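Student: I have a structure I would like to understand better, so I am pasting it below and will then ask my questions one at a time.
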Amino acid sequence: MRITIGVAGVLVVAGVVAAIALTGMGGAGSDDAVQTTATATPPSTSGPLPGATPASGSEVPAPPATPLSAMPPASAGAAEPLVSAPLPASGSQDGGLVEGFPAEIAGPAAESTVRSSSIATQDTVMQTALSALSSASQDDVRAEYRTRWAAAGLREQQTADGTMTFAGAYESLSLTFGSSGTGTLYTVFGVFRTQ
């Protein structure tokens with residue numbers, strides 16, 4: 001923290017010195033004052049400057065035709081929510097599933113040991129997390145969740161980072177993998193709505 005404050009202080013002082021040098025405020029009668037002219041004209045360049053000639057890559061790309069969202073709006077289909085009110089209390093547990101965890105949809109894959117699980121609820125929304133270690137391969141774990149989530153009526157979503165994500169009208173689930181020297185470490189994140 002002290003290093004961060006020190007670096008910020010040095011940058012502020014350097015900025016003040018640069019501003020003084022650029023504005024010619026070196027003091028009255030200073031022979032080193034910077035002379036400026038009022039007729040300065042920027043050179044004609046290409047790029048994102050006003051009046052510049054457009055160049056490939058200099059424009060902001062148009063937004064996609066359909067916005068990407070990990071959680072579609074509640075009106076995205078006629079499906080019923082996978083969880084119902086009342087939602088369980090928020091909590092966590094190491095080495096097992098916390099009480100009220102939606103094990104049927106977000107519980108551990110076969111051949112897995114639960115490292116931790118948690119639930120966070122507020123009003124009509126529940127967030128879940130499961131961390132587990134499996135003796136099965138990443139492909140086998142991925143295939144089990146893909147089958148489970150598709151059977152629940154969820155649709156697979158495309159991601160750029162390799163995370164497997166499925167979404168429905170009221171829920172979104174994702175599967176990620178971590179490093180482990182003793183098996184396949186994975187995490188399942190879920191967001192569920194009751195309405």
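No lab work stands behind these numbers, since they all come straight from the coordinates. Predicted model, so just to flag it, every value in this text is computed and none were measured. Here Cβ is always computed from backbone atoms with ideal geometry, including for glycine, and neighbour counts include all displayed protein chains.
Student: What list do you get for S116, S179 if you sort them by fewest beta carbons within 10 Å?
Tutor: Ordered from fewest to most neighbouring Cβ atoms within 10 Å, S116, S179 come out as S179, S116.
Student: Could I ask something else about it? Quick check on the exposure proxy: order T176, T147 from fewest to most C-beta atoms within 10 angstrom.
Tutor: Ordered from fewest to most neighbouring Cβ atoms within 10 Å, T176, T147 come out as T147, T176.
Student: Quick one: length gained pulling A160 to S92 fully straight, 0.36 nm per residue minus the C-alpha distance?
Tutor: Once the chain is fully extended between A160 and S92, it gains 21.5 nm.
Student: In what sequence do D94, D161 fall when counting other Cβ within 10 Å, fewest first?
Tutor: Least to most surrounded, the residues fall as D161, D94.
Student: Another one. Let me check I've understood the local charge: for D140, count other residues with C-beta under 12 angstrom from its C-beta, Lys and Arg +1, Asp and Glu -1. What total comes out?
Tutor: Around D140, the surrounding residues sum to -1.
Student: What is the sum of charges around A85, taking Lys and Arg as +1, Asp and Glu as -1, for the other residues whose C-beta is under 13 Å from the C-beta of A85?
Tutor: Neighbour charge sum, excluding A85 itself: -1.
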